[in-house]
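Worksheet: the structure to be examined is printed underneath.
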Amino acid sequence: MPRAARFLLLLLAGLALLTVVAYFALTKVTRDWFERDIELRSRLAVSSARQSLENNWRTDRARLTETLTDITRDERIMGAAACSREGELLAATEAYPREFTCSSLLASMRRDAPASADSWSTTPELPSGSVRLSVTFIGGESQLRRAVVLVHDVSYLSRRERTTRNILIIAFFVLSLCAALVTLIAARLAWRRWTNELRKALKGGASIEFLPLLRDVRTLARQLASDREREARGGLWSPERLRATLTQYLDGERIVVLANREPHIHERTADGIAVLHPASGLVTALEPIMRACSGVWVAHGSGSADRETVDKHDRVRVPPGEESYMIRRVWLGEDEERGYYYGFSNEGLWPLCHVADARPTFRAEDFAQYVEVNRKFANAVCEEVDSDDPIILVQDYHFALAPKMIRERLPRATIIAFWHIPWPNAERIGICPWRDELIAGLLGASVVGFHTQQHCNNFIDSVDAFMESRIDRESNAIVQGARRTLVRPYPISIEWPVHWLEQVPSAADAHVGVRAELGLSPDVLLGVGIDRLDYTKGIEERLFAVDELLTRYPEFRGKFTFIQLAAPSRTKIERYRKLNERIDEVAAQINAKWSTANYRPIVLLRTHHEPASVFRYYRAADLCYVSSLHDGMNLVAKEFVAARDDERGVLVLSQFTGAARDLTEALIVNPYDLRQASDALAAALHMPIDQQRERMRSMRRFVSEFNVYRWAGRMLVDAAELRRKERMSGRLDAMARFTRTGNS
Ligand code: F6P
């Protein structure tokens with residue numbers, strides 16, 4: 001029962017009890033008071049008529065009756081009688097009830113009252129209601145005593161009691177109503193405040209005080225979910241468990257991944273061939289999956305020494321020294337790369353899917369290349385499979401058409417397409433001249449995955465708007481003929497523990513090392529931002545937030561430095577080149593404003609950093625600011641959390657990332673709102689260690705449980721389930737065909 005309802009019930013019970021007690025107490029007091037009043041009245045009435053009574057007592061019965069009648073002029077005295085000492089009725093008024101004989105009254109009085117008493121009263125019941133009889137003696141000595149009996153109407157007494165009771169009942173109801181109203185208003189106000197807080201927190205305006213409550217709710221939900229899962233399959237998700245899942249559900253078949261970016265790039269350097277690891281969320285997530293499951297990763301061979309390192313089938317075993325899986329490299333000509341990668345993928349689809357104030361450019365020749373390159377990669381995938389029903393993971397917006405192309409060649413394949421960036425609403429996707437081809441291409445997959453339910457909904461709405469199909473909203477599936485495509489949210493994550501951390505110094509060492517290396521004061525507070533140089537990452541807004549911090553919080557001038565690691569990306573696209581220049585300008589501008597002889601607020605490191613180096617910066621920092629203007633997930637946020645095994649450091653996170661839904665203990669901000677962002681940076685720098693620890697611990701628990709093995713495992717289990725159903729219905733169809741042929 002809700003707290004407010006419980007409180008109200010208690011209050012009403014208390015009020016009812018109070019009313020009953022008040023009723024009895026009041027009745028008792030008023031009764032006593034009325035009795036005394038009657039006593040007094042009787043005496044007064046009798047004593048004022050005493051003379052006349054005594055004079056006519058024995059001598060003139062008619063006058064005696066008259067005197068008694070005078071007494072009854074008081075409206076509350078119904079009748080009167082005069083009784084002799086022996087109990088003889090001497091006179092009585094007309095209305096005097098004859099059943100009250102003098103003898104019986106005097107006998108009762110002798111029994112109940114002391115002999116010396118000069119008055120006595122009783123309340124007998126008459127059929128018409130109760131009356132009060134009072135006996136008053138006149139004449140001093142006992143042998144001369146004469147009794148005057150007065151009959152009082154006490155019906156007004158019960159009337160008054162009834163009125164009192166009614167007033168109390170009405171008062172009870174009025175008070176109850178007031179109590180209910182007050183409780184309701186208080187509960188509503190509290191609820192509104194709670195929901196506002198919740199909304200604010202979810203939207204990203206997270207109130208710091210509120211977060212523990214949100215965390216409690218989430219921890220509980222998470223516990224329930226993970227308990228259920230652990231119970232069902234045992235243990236946290238790990239490489240072993242993923243392998244076991246593959247064996248159990250998919251007969252241990254090898255996985256073929258199709259993703260444009262390769263996880264290990266061979267580059268020619270002055271010292272020979274080096275292996276580089278690209279700055280890519282996709283690679284961060286998928287590479288551990290491949291190491292766990294083995295198989296083949298089909299990718300664009302983009303490294304300058306890639307051709308030198310493959311075998312005659314364009315394959316190379318990786319990672320060097322471990323060789324647990326294979327990369328199959330596909331070579332692209334300049335035109336292909338320009339049209340497919342720079343053109344349609346990154347000048348068309350990328351701005352189409354991100355709400356970051358960039359207009360998409362659609363060129364027919366780019367799309368033609370996109371179609372051809374998708375076919376080229378789809379063919380390469382089909383060459384790598386080792387059965388007619390393989391498991392193929394198609395990754396990202398570079399390959400929207402590939403699922404359908406693969407399906408045409410391998411109708412029984414289980415294809416999982418995962419879209420790593422947001423999927424916009426139907427209206428926006430509608431502006432793409434080839435929206436139908438994109439959607440149809442993705443529907444070639446068995447499962448289409450997105451990071452969030454919102455993106456799933458947008459995709460289903462787009463199918464609804466532009467395709468001939470049936471939407472099974474109950475199971476979130478698109479049905480085309482006999483084929484179903486499941487549409488599901490799978491929030492991506494990172495490996496746990498992160499294997500790169502084995503090569504990274506502890507947080508304490510990184511703290512000292514990084515500051516010394518950059519020539520910063522050892523006690524300077526450090527913020528870090530790590531991104532590909534992309535306009536969706538909000539790097540400009542991030543630097544402005546630092547400027548705003550130094551403007552509004554003077555205590556951090558000379559004491560806080562922000563390091564931005566920016567890996568150059570897509571530099572052949574003008575918008576990216578301009579961004580490069582702009583970031584330079586903004587950093588220079590802010591540095592000119594706040595720098596002193598030995599202080600620099602912004603350190604811009606515009607070069608590629610290998611993962612171990614990136615993790616060292618995470619560990620050295622007091623805060624990490626992820627300010628994406630729009631991001632499917634953003635794994636930098638999760639990497640920062642994974643790096644901080646010292647449970648220190650604060651994550652300031654844009655509300656426009658998928659990660660903000662997972663990492664609610666971060667300080668969630670709107671990166672466009674510089675005041676709010678600078679407040680969050682200040683709050684992060686002022687945050688007590690205890691609170692840092694509490695938040696970090698909770699986020700680490702989340703990322704460790706909801707790691708990338710779980711992400712892949714859940715997709716594979718869903719795909720296996722679908723595959724089982726399809727095989728079953730395939731067998732049933734075959735049986736039906738056989739029966740039909742047999743009968744004919
Ligand atoms: O967000 C999707 C994603 O594939 C990321 O994994 C990666 O950061 C980016 O897009 C692609 O980058 P690139 O063009 O360098 O492969």
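The values are calculated or read from the model by the stated rules, or taken from the named source; none is laboratory data. What you are looking at is a predicted structure, and each value in this text was computed from that prediction instead of being measured. Reconstructed Cβ throughout: ideal geometry from the backbone, glycine too, with neighbour counts over all protein chains shown.
Structure data summary
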| quantity | calculated |
| --- | --- |
| When residues of the stretch 260-271 are limited to those that are within 13 Å of the ligand (Cβ to nearest atom) and of a type outside the set (S, T, N, Q), the one farthest from the chain's Cα centre (by Cα) | Ile265 |
| Residue in the stretch 622-641 that is within 16 Å of the ligand (Cβ to nearest atom), surrounded by fewer than 24 Cβ atoms within 10 Å (Cβ to Cβ) and outside any helix (DSSP H, G or I) present | yes |
| Some residue of the stretch 239-259 being within 16 Å of the ligand (Cβ to nearest atom) and of a type in the set (Gly, Ala, Ser) | yes |
| Some residue of the stretch 657-671 being within 16 Å of the ligand (Cβ to nearest atom) and at positive phi | no |
| Check on Leu286, closer than 23 Å to Asp386 by Cβ, within 16 Å of the ligand (Cβ to nearest atom), touching a residue at least 24 places away in the same chain (Cβ under 8 Å) and crowded, with 22+ Cβ neighbours inside 10 Å | yes |
| Single match in Gly321, Gly333 (criterion: farther than 25 Å from Ile416 by Cα, out of contact with any helix residue (DSSP H, G or I) (no Cβ under 8 Å at 6 or more places or on another chain) and at pLDDT below 95) | Gly321 |
| Checklist (1) part of a helix (DSSP H, G or I); (2) loosely packed, with under 13 Cβ neighbours inside 10 Å applied to Met109, failing item | (2) |
| Residue in the stretch 348-363 that is touching an Asp or Glu at 6+ places or on another chain (Cβ under 8 Å), part of a helix (DSSP H, G or I) and outside the structural domain of Ala402 (by TED's automatic domain parsing) present | yes |
| Filter pass, Ala402 being over 22 Å from Glu336 (Cα atoms) and small (Gly, Ala, Ser) | no |
| When residues of the stretch 439-470 are limited to those that are within 16 Å of the ligand (Cβ to nearest atom) and of a type in the set (A, V, I, L, M), the one surrounded by the fewest Cβ atoms within 10 Å (Cβ to Cβ) | Leu442 |
| Unmet criterion (only one of (1) in contact with a helix residue (DSSP H, G or I) (Cβ under 9 Å, 6 or more places away or on another chain); (2) closer than 21 Å to Gly529 by Cα) for Ala719 | (2) |
| Residue selected from the stretch 394-411 under the condition touching a residue at least 24 places away in the same chain (Cβ under 8 Å) and either aromatic (Phe, Trp, Tyr) or out of contact with any helix residue (DSSP H, G or I) (no Cβ under 8 Å at 6 or more places or on another chain) (or both), by the criterion nearest to the ligand (Cβ to nearest atom) | Tyr397 |
| Arg473 being on the phi < 0 side of the Ramachandran plot and either surrounded by 15 or more Cβ atoms within 10 Å (Cβ to Cβ) or in contact with a Phe, Trp or Tyr (Cβ under 7 Å, 6 or more places away or on another chain) (or both) | no |
| Subset of the stretch 286-336 [in a strand (DSSP E or B) and more than 26 Å from His499 (Cα to Cα)] | Val330 |
| Options Asp718, Asp733: the member that is part of a helix (DSSP H, G or I) and either touching a Leu at 6+ places or on another chain (Cβ under 6 Å) or modelled with pLDDT of 85 or more (or both) | Asp718 |
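Yes/no matrix, rows are residues, columns are (1) of a type in the set (Lys, Arg); (2) free of Cβ contacts under 8 Å to residues at least 60 places away in the same chain; (3) in the same structural domain as Asp396 (by TED's automatic domain parsing); (4) out of contact with any Pro (no Cβ under 8 Å at 6 or more places or on another chain):
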{"residue": "Pro433", "(1), (2), (3), (4)": "no, no, yes, yes"}
{"residue": "Thr452", "(1), (2), (3), (4)": "no, no, yes, no"}
{"residue": "Cys456", "(1), (2), (3), (4)": "no, yes, yes, no"}
{"residue": "Phe459", "(1), (2), (3), (4)": "no, yes, yes, yes"}
{"residue": "Glu468", "(1), (2), (3), (4)": "no, yes, yes, yes"}
